[in-house]
Amino acid sequence: MGVLISSDKAAVIVDGLHTFYREAYLPPPDSVVEAIMQQQGVYNNLRYALFTHHHRDHFSSMLSRRFLQVSPANKVAGSRQILDSLLPKNPAIVNAWDRNGVILRDVALDVTISSFNIPHTGYRGRHASVQNIAYVITMNGNTVLHIGDAETETADAFARFNDLAPDVAVVPIWFLHSEDGRRIISSIAPKMVIATHIEPGATPDASALHLKTIPTYFFTWIGQVIP
């Protein structure tokens, strides 16, 4: 589920530090984890690790602690459920729950990160207690919206993003399977959509799922790049 967002000055990773959970979820291989921890290659400017929620296909407390040890400049952000698993408290760990606005701003790196509460899919049932967060990341003049495992039936929760027109919206694949999800995407008006949460080995029917007026990409392998 991890997505790396980078510029010449900085990089942000969302839901990219997790370990094996189940066969339906692909964790980053050890080589990628070590590249992140060693700040190598595309990860050389990585400073922020954001987590949308505490599920194990999105978040690892062990890897998050390692990331914080790499550099005093590194920061981790997530919900109270994330923070509770990273005790003791650390000023580099940022609460993103119930903020609904800017949580991090670095003028030198030209990075601004905002967080917003968004219901997790299945919020009426077994995921009712999950604190899911959407992030708006502005970097080098470009804006990315990442909505985690959001629910398609809660259009009101997305009203604040109406006409946000981000350069990229990162959404779970079920938003493209659902008319409600497609309407939410249309109201957000992104210039590009990237679909995640695709089971390893699955091949989405691009002809059926592509949005007619918005370029649509499907993240199906680790290391996939959208320039």
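Residues that are part of a loop (DSSP other than H, G, I, E, B) and over 16 Å from the mean Cα position of the chain (by Cα): does the range 75-82 have at least one?
There is no residue in the range 75-82 that is part of a loop (DSSP other than H, G, I, E, B) and over 16 Å from the mean Cα position of the chain (by Cα).
Please find, among A202, A208, the residue that is of a type in the set (A, V, I, L, M, F, W, C) and farther than 21 Å from P29 by Cβ.
It is A208.
Based on this model, can you work out whether P72 counts as touching a residue at least 60 places away in the same chain (Cβ under 8 Å) and either surrounded by fewer than 19 Cβ atoms within 10 Å (Cβ to Cβ) or in contact with a His (Cβ under 9 Å, 6 or more places away or on another chain) (or both)?
no
Can you go through A195, A165 and tell me which one is of a type in the set (A, V, I, L, M) and buried (at least 21 other Cβ atoms within 10 Å of the Cβ)?
Going through A195, A165 in turn, just one is of a type in the set (A, V, I, L, M) and buried (at least 21 other Cβ atoms within 10 Å of the Cβ): A195.
Looking at the range 94-144, which of the residues that are small (G, A, S) and within 21 Å of D180 (Cβ to Cβ) is surrounded by the fewest Cβ atoms within 10 Å (Cβ to Cβ)?
Among those residues, the one meeting the criterion is G125.
Would you check if A49 is in a strand (DSSP E or B), among the small types (G, A, S) and either out of contact with any strand residue (DSSP E or B) (no Cβ under 9 Å at 6 or more places or on another chain) or under 19 Å from I137 (Cα atoms) (or both)?
Yes: the conditions hold for A49.
Being under 17 Å from the mean Cα position of the chain (by Cα) and within 17 Å of H53 (Cα to Cα) is the requirement here; does V130 meet it?
So V130 passes the test.
Can you name every residue in the range 161-199 that is among the hydrophobic types (A, V, I, L, M, F, W, C), touching a Ser or Thr at 6+ places or on another chain (Cβ under 8 Å), in a helix (DSSP H, G or I) and within 16 Å of T213 (Cβ to Cβ)?
F175, L176, I184
Can you tell me which residues in the range 168-180 are surrounded by fewer than 21 Cβ atoms within 10 Å (Cβ to Cβ) and over 22 Å from F51 (Cβ atoms)?
H177, S178, E179, D180
State which residue is nearest to V225 (Cα to Cα) when the search covers only the range 145-160 and only residues that are among the hydrophobic types (A, V, I, L, M, F, W, C), crowded, with 22+ Cβ neighbours inside 10 Å and in contact with a Ser or Thr (Cβ under 8 Å, 6 or more places away or on another chain).
I147
Which one is surrounded by the most Cβ atoms within 10 Å (Cβ to Cβ), of the residues in the range 7-22 that are free of Cβ contacts under 8 Å to residues at least 60 places away in the same chain and not in a loop (DSSP other than H, G, I, E, B)?
Residue satisfying both the conditions and the ranking: L17.
In the list G141, G101, G125, which residue meets the criterion of being within 20 Å of P190 (Cα to Cα), of a type outside the set (S, T, N, Q), out of contact with any Asp or Glu (no Cβ under 7 Å at 6 or more places or on another chain) and at pLDDT below 95?
Testing whether each residue is within 20 Å of P190 (Cα to Cα), of a type outside the set (S, T, N, Q), out of contact with any Asp or Glu (no Cβ under 7 Å at 6 or more places or on another chain) and at pLDDT below 95 leaves just G141.
Give the residue, chosen from F51, F67, that is more than 14 Å from the chain's Cα centre (by Cα), crowded, with 22+ Cβ neighbours inside 10 Å and touching a residue at least 40 places away in the same chain (Cβ under 8 Å).
Just one listed residue meets the conditions, F67.
The values are calculated or read from the model by the stated rules, or taken from the named source; none is laboratory data. For clarity, every value in this text was computed on a predicted model and none was experimentally measured. Cβ atoms come from the backbone with ideal geometry, glycine included; neighbour counts cover every protein chain shown.
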